[in-house]
Structure formats: C-alpha cells, structure tokens
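Below: one structure, written as structure tokens.
The values are calculated or read from the model by the stated rules, or taken from the named source; none is laboratory data. Remember, predicted model here, so these are calculated numbers, not experimental data. Please note: Cβ atoms are built from the backbone with ideal geometry, for glycine as well, and neighbour counts cover all protein chains shown.
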Amino acid sequence: MDMPVKSAESLDLFVNAKQQFERALTWVDGIKEGIIDFLINPKRTLHVQFPVNMDDGSTRTFHGFRVMHSDVRGPGKGGIRYHPNVSEAEVSALAAFMTWKTAVVDLPFGGGKGGIICNPKELSRRELRHITRRFVAELGDNIGPYTDIPAPDVYTDAQTMAWIYDTYDRMHPGGNNLAVVTGKPLDIGGSRGRDEATARGSWNATEQLLRRGVVHGMHTLEGARVAVQGYGNAGSIAARLFHDAGAIIVAVSDSRGGVANDEGLDPREVLAFKEETGSVVKFPGSKAISNEDVLAYDCDILIPAALECAITTANARDVKAKLIVEDANGPLTAVSDEVLSKKGIVVLPDILANAGGVVVSYFEWVQNLENQQWSLEKVETLLNERMCRAVDEVVDLYDDLSERYEAGFNKGNPPPTLRDAALVLAINRIATVVLQRDIWP
Ligand code: NAD
C-alpha cells in the first residue's frame, strides 16, 4: 500500500536528521515530551573565526564549528571536515548522527562534529597546518580526551590529526594527550586498521545483513553487482573489500564523473589510476558515465560514499539496486528514503553501515589511554564482532517492529525500516541513560 509522504523534502541535513528522528519516535513508547528536544538538538555549538597568514602574503579569516550534540553516554566523538559547503546545519546533523551511531554500536561515547569552511584543494600544506593549529587553539578545552574527541572526515586525514594532537599537547604539556584525537598516524598512537575501518565495517555489516536474509534472493556477496559513488577513503576501500569477497564492481565515480564496465572493474587498478591522474574518469577499458548514471546503474548493491543528499526524490525512482549501503553520512534525504522503501529497496543506514570508523577510533582511544598497541588481527576481529552484533540487534528489533506493525501498532504510519530500527535502538539506549543519571540538579 502506498503511504503518503508526510514531510516536505529538504536539502538541509539537520532538517533530514530531525525528520528521521521524528519518524523513529513513532515507534518509541514512553519518552517524556520535554526530553525529546534535549535528545534531538545539540548540547553545545561553538563558532570560531580566526585569521591566517597565507602563502602569498595576504591574510584570510576562516570560520569553523565544533558541535557537541550529546555527552549523555560519554565524551563527544566525531570527525572534522574541511569543505567549502560546511555549515552549522550540516555539522549539527553530522554530530547528531554520531550520537546515534555510537549508541547503535554501543560505545561509551556521545556525538560531536566539527568543520572549517575552506577549500583544501586550493590550500598549501603550510596553510592547512596553520588553519588546523589555530582552529585547535580556538577550541581550547572544548576538546579533550574526556570531553570531545575529533577524528578525520572529508578532506582531513592522519596528518591533520597529527597537527591536532601536537597543538593540543603543546597547550597541555606533561601528560599523555594521545587520546585527544583519533585517526592519527601509526607512529604517534594511531591504531592499526583505522584507515580501512569505515569500509571494512560496512563490508562486515553487509555480509551479516545478507546472512540474516533481509535482502530477498541475496545471501552472500558472491556475484553481486556493486556500484560505488565516491572513490575516496570509504568508497575505494569498500570497492576492494566487496570485490575480494566475490562481488563485481560494475561502476564507480568521483567528483569529476563515473566509469563503468559490466564485466567488472579491478578496484586496485582504478585506485592506482586515480592516484596517478587525480580521477577515476577515463580509466582504461571502461565506459564513461555521469555521476547521476552511477546512482541509477543496473546493480544489486549501491554504495553512496561521497557526500550527503546524493539521492533525492529527483533520482530515487531511478535507483535499481536491491540494497543501499550508506557509507556516506546522510546520502539519502528522508523523503527519498520513503520512496525507496516503497520500492522494496533495503537501506543499511549510515548510523550502522559506516560505524566501523568510530568503532576503531574507540579502539585507538582505549589503546592510547592504556599505552597499548594492538595487532591488526585483534582490531579486525573485534570490529567484525561489534558490527555483526549491532546488525543482529537492529535486525531483531526490525523484525519485532514489523510484527507489531502487522498486529496494528503505529497504524497510519509507513511500515518500519532498518533505519527506524537502528534509531529506536539508539534513542532507547540514550533515553535509558538520561533516566538512570537523572536530571541534575
Ligand atoms: P574522501 O574525501 O576520502 O572521499 C570523498 C570522495 O567523494 C572523493 O573521491 C570525491 O571525489 C567524491 N565525491 C565528491 N563529490 C562527489 C559527487 N558529486 N559524485 C561522486 N563522487 C563525489 O572522504 P571519505 O572519508 O571517504 O568520506 C566519504 C563519506 O563517508 C562522507 O559522507 C563521510 O562523512 C563518510 N564517512 C567517512 C568516515 C571515515 O572514516 N573516513 C567515517 C564515517 C563516514
């Protein structure tokens, strides 16, 4: 039965986060009215602006944000993004996703996110270093190993994290400050397996989801046709891991365009080509397709691994995949999610699919606090266990919600999705801790 789409589509990521949250709330019993605002809105939003001397002798003022969405279950945790489109709404939504993600995979963290409005492609290494150090100085004690712990996100990497650590350490001499930031280089407290963790976690979660029989007619990755949007950290590594597990990578794209080959692309060769030329476009032996074509490509699994709101009502009807694995944060608008659900397309939601990054960030934080270095095998085994457990918990809850829906519960609203189940799991975990800690004073 076709349900009317109740909320208007928006490309504002925080509006989408709220729409997802409100939809999930229809499945939750007994949360006090007054707590709901506290659960959705950020606890603290910090705006900073600061000048930086540029290489050409000019001076520019940059604007940055750090949002602590929640510290109910532990310190804030979440990446820092450098991008021209960074905004308060985007950072707030990404911070909310982190709160829900850390709850879904049951980590002792809350959620945070940061960003600086800038175009890293036009900045030198020296300028990026100065921007990063000055940003950390401006954040002061709003970040820290037990308060709010940054990590990499779009266009920030292990080098950026090393600068963050070094700056914080100089501001707080005499202690072990390694745990102030995760995603660091291996030589200064980084964890083995962190660079692959997001993609590996999404692969672990996908295999478990298929084993659970949630996607009709697909129980393994063997022979599955996969299209990947975005060939950066998350997308290129996911392509390799899915390929090595027996899938056929039929199409990939980056910001400049896409390439396809129905016989299969070799993800390692595509990456080597991208590293050499700056793009996947013109990869030898492939046909050129547009960014839009990748999303609509004839495949079994679509992995959006670029930026938010890639799939909207304008293109959702063209999606042919049976399963969407959200390696990116917020790649679907809330309204397009409903369109896909009506088409019977299963969505493994971002707060579960890409949680591997924060899981291994947690492992890094634990290793830093204990002055340990774990083996890669240990990291990968524990990551797989945690991802599979989270998938099982979400699928069990989804089955339970589906049964209750069949029995008449939540009538008038659309049937449950995996995203609803993941959010209900997260909301219940956070609300439980709010009640246990009780409201101060
Ligand atoms: P990245 O910068 O390494 O890669 C982003 C890729 O997307 C690049 O290849 C870029 O060319 C491509 N891209 C940008 N616009 C595009 C478009 N319109 N069409 C196709 N491709 C486009 O970033 P990343 O770390 O891989 O992050 C990608 C997504 O995954 C983001 O949403 C991020 O929040 C999410 N994520 C990343 C991590 C992590 O640990 N890296 C963890 C969780 C979630």
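Points worth noting:
- Taken over segment 141-159, the criterion of being more than 15 Å from PRO108 (Cβ to Cβ) and either within 8 Å of the ligand (Cβ to nearest atom) or surrounded by fewer than 21 Cβ atoms within 10 Å (Cβ to Cβ) (or both) is satisfied by ASP141, ASN142, GLY144, ALA151, PRO152, ASP153, VAL154, TYR155, ASP157, ALA158, GLN159.
- The selection criterion, being of a type in the set (A, V, I, L, M), touching a Cys at 6+ places or on another chain (Cβ under 9 Å) and either without any contact (Cβ under 8 Å) to a residue 12 or more places away in the chain or not assigned by TED's automatic domain parsing to the domain that holds TRP100 (or both), does not hold for LEU307.
- Top-ranked residue in segment 348-399 [being under 21 Å from PRO185 (Cβ atoms), over 16 Å from the mean Cα position of the chain (by Cα) and of a type in the set (S, T, N, Q); ranked as farthest from the ligand (Cβ to nearest atom)]: ASN371
- Residues in segment 209-232 that are crowded, with 21+ Cβ neighbours inside 10 Å and either within 16 Å of the ligand (Cβ to nearest atom) or over 22 Å from ALA251 (Cβ atoms) (or both): 6 in all.
- Restricting TYR146, TYR231, TYR155 to those that are assigned by TED's automatic domain parsing to the domain that holds LEU265 and in contact (Cβ under 8 Å) with a residue 40 or more places away in the chain reduces the list to TYR231.
- Checked against (1) under 24 Å from ASP337 (Cβ atoms); (2) of a type in the set (S, T, N, Q); (3) free of Cβ contacts under 8 Å to residues at least 24 places away in the same chain, ASN16 passes all but condition (3).
- Within segment 58-117, the set of residues being under 23 Å from PRO331 (Cα atoms) and among the hydroxyl-bearing types (Ser, Thr, Tyr) comprises SER70, TYR82, SER87, SER92, THR99, THR102.
- Contacts under 6 angstrom Cβ, first residue in segment 106-120 being free of Cβ contacts under 8 Å to residues at least 40 places away in the same chain and more than 20 Å from THR147 (Cβ to Cβ), partner surrounded by fewer than 24 Cβ atoms within 10 Å (Cβ to Cβ) and not aromatic (Phe, Trp, Tyr), 6 or more apart: ASN119/PRO84
- Search result, residues across segment 68-95 that are small (Gly, Ala, Ser) and either within 16 Å of the ligand (Cβ to nearest atom) or touching a residue at least 60 places away in the same chain (Cβ under 8 Å) (or both): SER70, GLY76, GLY78, GLY79, SER87, ALA89, SER92, ALA93, ALA95
- The residue that is nearest to ILE248 (Cα to Cα), among those in segment 259-288 that are more than 25 Å from the chain's Cα centre (by Cα) and among the polar types (S, T, N, Q), is ASN261.
- Qualifying residue in segment 113-122 (condition: in contact with a strand residue (DSSP E or B) (Cβ under 7 Å, 6 or more places away or on another chain), closer than 30 Å to ASP438 by Cα, assigned to a loop (DSSP other than H, G, I, E, B) and outside the structural domain of GLY230 (by TED's automatic domain parsing)): no
- Looking only at residues in segment 306-329 that are within 11 Å of the ligand (Cβ to nearest atom) and on the phi < 0 side of the Ramachandran plot, the one that is surrounded by the most Cβ atoms within 10 Å (Cβ to Cβ) is ASP327.
To keep it simple, each residue is scored yes or no on (1) among the β-branched types (Val, Ile, Thr); (2) closer than 17 Å to ALA305 by Cα.
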position: LEU139; (1), (2): no, no
position: PRO145; (1), (2): no, no
position: THR156; (1), (2): yes, yes
position: ARG170; (1), (2): no, no
position: LYS184; (1), (2): no, no
position: ASN204; (1), (2): no, yes
position: ARG211; (1), (2): no, no
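- Top-ranked residue in segment 285-305 [being out of contact with any Ser or Thr (no Cβ under 9 Å at 6 or more places or on another chain) and under 24 Å from VAL214 (Cβ atoms); ranked as farthest from the ligand (Cβ to nearest atom)]: ASP300
- Counted residues, segment 194-208 - those being surrounded by fewer than 22 Cβ atoms within 10 Å (Cβ to Cβ) and within 12 Å of the ligand (Cβ to nearest atom): 1
- Test: residue in segment 36-44 that is over 21 Å from the mean Cα position of the chain (by Cα) and among the acidic types (Asp, Glu): yes
Conditions (1) of a type in the set (Val, Ile, Thr); (2) assigned to a helix (DSSP H, G or I), marked per residue:
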{"site": "GLY74", "(1), (2)": "no, no"}
{"site": "GLY79", "(1), (2)": "no, no"}
{"site": "LEU94", "(1), (2)": "no, yes"}
{"site": "PHE97", "(1), (2)": "no, yes"}
{"site": "THR132", "(1), (2)": "yes, yes"}
{"site": "LEU139", "(1), (2)": "no, yes"}
